[in-house]
Each structure stands twice: as C-alpha cells, then as structure tokens.
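The values are calculated or read from the model by the stated rules, or taken from the named source; none is laboratory data. Quick caveat, the model's predicted, so the values are computed rather than measured. Ideal geometry is used to build each Cβ from the backbone, glycine not excepted, and the neighbour counts take in all protein chains shown. Remember, those area values only see protein heavy atoms, side chains included, never the ligands or the DNA or RNA. Shrake-Rupley method; radii C 1.70, N 1.55, O 1.52, S 1.80 Å.
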Amino acid sequence: MAFGEQPAYLRIASDLRHQIVNGSLPPHTRLPSQARIREEYGVSDTVALEARKVLMAEGLVEGRSGSGTYVRERPEPRRISRSGYRPAAGANPFRQEQSVGGARGTWESSSEQEQAPPEIADRLGVETGARVMRTRYVFRDGGEPMMLSTSWEPLAVTGRTPVMLPEEGPLGGCGVVERMAAIDVVVDNVSEEVGARPGLAEELLALGGVPGHVVMVVERTYYASGRAVETADIVVPADRFRIGYRLPVR
C-alpha cells in the first residue's frame with residue numbers, strides 16, 4: 001500500500017478512524033489486532049502500534065485488561081451555558097445557568113487559604129505569595145461529573161468579611177457578583193478566555209475521562225473598577241460537552 005508523504009501510522013489511524021466514524025467499527029467492537037494491522041497494511045509492528053496509540057490518544061478506543069482494545073461509545077456532546085443567566089437571587093450561578101438546558105446541577109466544594117502562585121497572582125494583580133482563598137468545585141449533572149472549577153479570591157478583598165468562604169455564611173453558594181455586592185464591591189466587568197489542552201491525570205480521574213482526552217479550559221476573571229476580585233479555571237471534557245455563550249446585544 002502506498003502511503004505517500006504522510007507517515008504510515010497516521011494514514012492507518014485515519015483509515016481506522018473513518019471506519020469508527022462511519023459505523024464499520026461500531027462501539028464495543030474489538031479493534032483489529034496489532035498483527036492484523038501489520039498484515040493488512042504491510043507495515044512493521046512499530047507502525048501498527050503507533051497507529052493504535054493515535055486512536056487511543058484521541059479517545060476513540062480504550063484498552064481492556066486481558067481482553068484487547070475496543071471502540072469506545074461516543075457520547076452526543078451536550079451544551080454547557082455561559083450566559084450570566086440569573087432567574088433568581090440567592091442561587092448558585094452554575095445551577096442557574098444550566099437550568100437553561102434542563103440540567104440537574106449539583107456540586108461539591110472545598111476551600112482553603114494559600115499563597116498565590118505567580119500565574120494566579122498576575123491574574124489577580126497581587127504580589128506572588130499574597131494570601132488568597134482557593135475553592136475547588138466538582139459540578140455534576142444527574143450525578144455525572146461535567147465540570148471542574150478552581151477559583152481564587154484575594155483575601156485583601158474578602159478577608160474577615162461574611163463572604164470570605166464562598167460556600168459558607170449568609171451568602172454561601174451565591175455568585176461572585178452578589179457576594180461582592182454584600183461587602184460594597186461592585187463587579188462591573190468579567191473576562192473569559194477559552195482554550196484547550198490534554199487533561200491532567202487528576203482532572204480526567206475526577207471527570208471520568210481516559211488518558212489523552214482533551215479538555216476545554218475557561219479562564220475567567222471578575223473585575224470591580226479595574227481590580228480583579230476573583231479568577232477561576234473552569235475545566236470541561238471536550239468529548240462530552242460544548243460551551244455555549246448567550247451574550248447581550250448593546
């Protein structure tokens with residue numbers, strides 16, 4: 001088989017990917033063995049192995065101990081809303097936003113004080129090592145993990161106030177805008193940047209992904225009169241969800 005200029009393992013991976021996408025290799029079907037790929041395409045064991053590795057890294061197949069490699073079932077991507085939708089005061093913004101799509105949102109969280117690492121300090125406009133409150137969240141839809149979030153708030157703003165702990169106190173569980181308003185800090189701007197990268201091992205473990213899966217990362221920062229009062233990294237599995245924005249027209 002002539003493979004042209006493209007590396008042989010990529011051409012093989014592309015052919016197998018096409019079979020997976022068009023249903024010739026449906027979900028739960030065993031992927032052709034390394035020996036079969038070698039014989040069918042006339043390549044070495046090394047090339048056959050690399051082709052299988054590509055499909056594994058793309059999350060199209062998964063290895064089963066003692067059984068082989070199988071085509072994974074591909075979920076239909078669902079939508080995560082990023083809209084600022086606020087139907088009622090006093091509710092967690094995650095639940096409010098996901099209610100647009102009928103999601104049954106629940107979450108778990110934990111907060112602790114730490115020294116701001118350089119990247120977070122830069123985003124918050126504080127000195128490296130300044131005290132911040134870090135809060136980690138796992139958000140679920142119908143019990144399935146769908147999103148992770150880690151937020152940081154400068155204790156120079158929230159320290160020794162009723163909103164120092166985002167999930168505790170009289171405004172525990174409310175959004176950043178409402179919590180900051182309670183201490184006379186008026187949030188007037190928010191920025192979000194969306195990127196993608198391979199998921200970290202601990203992220204994929206929490207989200208139910210497999211090594212090599214790509215995640216989308218939303219880097220969000222809230223501002224009050226130009227001062228950052230909260231920044232967060234929101235992590236979403238790219239194979240199961242899409243991030244949709246509803247933006248007001250001014």
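Miscellaneous remarks
- Scanning segment 72-101 for residues that are open to solvent by 50 Å² or more (accessible area, probe 1.4 Å), within 21 Å of Ala238 (Cα to Cα) and modelled with pLDDT under 60 yields Arg95, Ser99, Val100, Gly101.
- Residues of segment 141-166 that turn out to be open to solvent by 30 Å² or more (accessible area, probe 1.4 Å), more than 25 Å from Gly208 (Cα to Cα) and part of a loop (DSSP other than H, G, I, E, B), as a count: 5
- Cross-chain or 6+ apart pairs with Cβ under 6 Å, segment 49-68 first and of a type in the set (Asp, Glu), then open to solvent by 70 Å² or more (accessible area, probe 1.4 Å): Glu50/Tyr9
- Unique match (being in contact (Cβ under 8 Å) with a residue 60 or more places away in the chain, over 21 Å from Arg64 (Cα atoms) and out of contact with any Cys (no Cβ under 8 Å at 6 or more places or on another chain)) among Tyr222, Tyr245: Tyr245
- Looking only at segment 130-144, residues that are of a type outside the set (Ser, Thr, Tyr) and within 13 Å of Ser109 (Cα to Cα) come to 6 in all.
- The set of residues from segment 210-225 being small (Gly, Ala, Ser) and in contact with a Gly (Cβ under 9 Å, 6 or more places away or on another chain) comprises just one member, Gly212.
- Considering segment 1-39, the residues that are within 20 Å of Gly63 (Cβ to Cβ) and more than 33 Å from the chain's Cα centre (by Cα) include one that is least open to solvent (accessible area, probe 1.4 Å), namely Ile37.
- Subset of segment 53-71 [open to solvent by less than 40 Å² (accessible area, probe 1.4 Å) and either of a type outside the set (A, V, I, L, M) or at pLDDT below 85 (or both)]: Gly59, Gly68, Thr69, Tyr70
- Taken over segment 117-143, residues that are among the charged types (D, E, K, R) and touching a helix residue (DSSP H, G or I) at 6+ places or on another chain (Cβ under 9 Å) amount to 4.
- Single unsatisfied condition, Thr46 versus (1) open to solvent by 50 Å² or more (accessible area, probe 1.4 Å); (2) modelled with pLDDT under 85: (2)
- Of the residues making up segment 40-61, those that are part of a loop (DSSP other than H, G, I, E, B) and under 27 Å from the mean Cα position of the chain (by Cα) are Glu58, Gly59, Leu60.
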